1. Residues with beta-carbon under 13 Å from that of P424, excluding P424: net charge, scoring Lys, Arg +1 and Asp, Glu -1?
2. Once fully extended, how much extra length lies between K267 and S366, figured as 0.36 nm per residue of separation less the alpha-carbon to alpha-carbon distance?
3. Which value, in debye to the nearest 20, describes the size of the charge dipole of the chain about its Cα centre when Lys and Arg Cβ atoms bear +1, Asp and Glu Cβ atoms bear -1, and nothing else is charged?
4. Over segment 158-266, what lengths in whole Å, largest first, do the semi-axes of the equivalent ellipsoid take, defined as the square roots of 5 times the eigenvalues of the alpha-carbon gyration tensor?
5. What number comes out for the charge environment of V194, summing +1 per Lys or Arg and -1 per Asp or Glu over other residues with Cβ under 12 Å away?
6. Given contacts defined as C-alpha pairs under 8 Å and at least six residues apart, what's the relative contact order of the chain, whole-number percent?
7. Give me the net charge of K367's neighbourhood, meaning all other residues with Cβ under 14 Å from the Cβ of K367; Lys, Arg count +1, Asp, Glu -1.
8. Please tell me the relative contact order of segment 461-507 in percent, rounded to the nearest whole number, where contacts are Cα pairs under 8 Å and at least six residues apart.
Amino acid sequence: MVVPALHIQNITKRFGTLVANDDISLTVQAGEVLGLLGENGAGKSTLVSILFGQYLADSGSIEVFGKPLSKGDPKAALKAGIGMVHQHFTLADNLNVLDNIVLGSEPLWQLFSRRAAGMAKLKDVASRFGLDVQPDALVAGLSVGERQRVEIVKALYRGAKILILDEPTAVLTPQESRGLFDTLQKLVAQGLSVIFISHKLPEVLRVCNRVAVLRTGKLVVTLDAKTATQAQLATAMVGQSVKPLEAARAANVGGVVCALTGVNAGKPGRNRITKMNLTLRAGEIVAIAGVSGNGQGALADLLCGVLRASSGRIALKGNAWPDGPSTLTALGVARIPEDRRAVGLVGSLPMWENATSERLRTPAFSKLGCVKRGAAQTYAARIMQQFDVRGAGLQSACQLLSGGNMQKLILGRALLPPDGQAAPILIIAHQPTWGLDIGAVSYVHQQLLAARDAGAAVLLISDDLDEVVALGDQIAVMHGGELTAARANADWTRDGLGLAMAGAATA
């Protein structure tokens, strides 16, 4: 009888009355790629945290290559050969590749780092698994794909036999994604086991041998990837059929709402824009693709009023660009920020205050310096009803909401005007579906398309190439703070977009 690389048996974990993992049993064989799918809150993160010993299961057991894994002990998990590459890399930019890989793998009482031994081991690992890394290269100068490769080598350097990849292609170009898939083939060919966590169903079916789907803490199905379909996986994740997005291109493009001409902004480094020209028209979505950190944040901050241009001209409806976020909001500029928890909402404040926060000083919600609580709460209730915000009441703190419901609240605040006010004329949507499950993603896309069709100009900034291609009427690419010319969706190929994202075409 073949002993599995990983055997999870009857794992249950509760947080108060919430059952995050409900009697989950899974096996992963040596040399197998197991896809792990589920909506936000389905229990994936909890299960992985139990594997690493960060959480202690209430019941159940875990065996690694037939040996029991100590509960609640991260060191034991690492020693047993469990490694993980997080979606957000954990590398120090100011150190080189070798230092990043060796860091934390040597005893604290050791006076000197054994760099020669570390270099030899690094080269052996890289050679054995066919992973090309430059030990002396500074991490700050590496591409995103190269950084991910370093993270994988770091896990293998520590003896990983079971590798967990969390949303591994979220910030990769198509070419880098294909490189990752080639790497995975080499790893599993040598007996490494992989748990592949992703929301991208096509790549899950391409990479994995089997796919396990969690829903509301339970394992609902395990399917053979060769015979499974995207529709089956989507239905298993959300409990009902999910129609694929079939976005028609813009039918009624109107006049120019916003125009940037020769704009420079931001500080030297990753988050700046240089000599930018961009035109946003009513009834059209302009989607900007690019690997995160190439100036997208500066562009979003500029158009949301929290960053000023150092040179160039920005116009709103032909007039000079106004100063300050509150003025822009009053003129019909709506924002969906990149980080819903840190920037979009104040977690400790109640729902109704967050719903009105960007308009709190307007006549709709204040008079003589006093908040009109009744009007504010009525407006918040409209948002919760029309945008299907679930999980908390008007007086409840926003931090109690799931990520998807937080995003719905932000969408409602941006897109639903108070009584007597016009709908937004310009919407800045920065990573609007980051970290959301397939059901929430579909909902956000539908709302952005509806706003476009109602006449708003929409700027979509996204790392997700599938999202860019699905929604963008016009598409441009950012690299190194520079923006390519926006072209019609049909004029781009996926490979062409990937090359531009890598800096091969910035014109």
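1. Combined, the nearby Lys, Arg, Asp and Glu give +4.
2. Result for the pair: 32.0 nm of gain on full extension.
3. 700 debye
4. Result for segment 158-266: semi-axes of 35, 23, 13 Å.
5. Details: positive: K161, K186, R210; negative: E32, D166.
Once all neighbours under 12 Å are counted, the net charge is +1.
6. Details: 1039 pairs, mean separation 77.3, N = 507.
Over the chain, the number comes to 15 percent.
7. Summing Lys and Arg as +1 and Asp and Glu as -1 gives +4.
8. So the answer I get is 34 percent.
Each value in this text was obtained by applying a stated rule to the coordinates, not by laboratory testing. All figures in this text were calculated on a predicted structure; none of them were measured in a lab. Backbone-built Cβ (ideal geometry, glycine too); neighbour counts: all protein chains shown.
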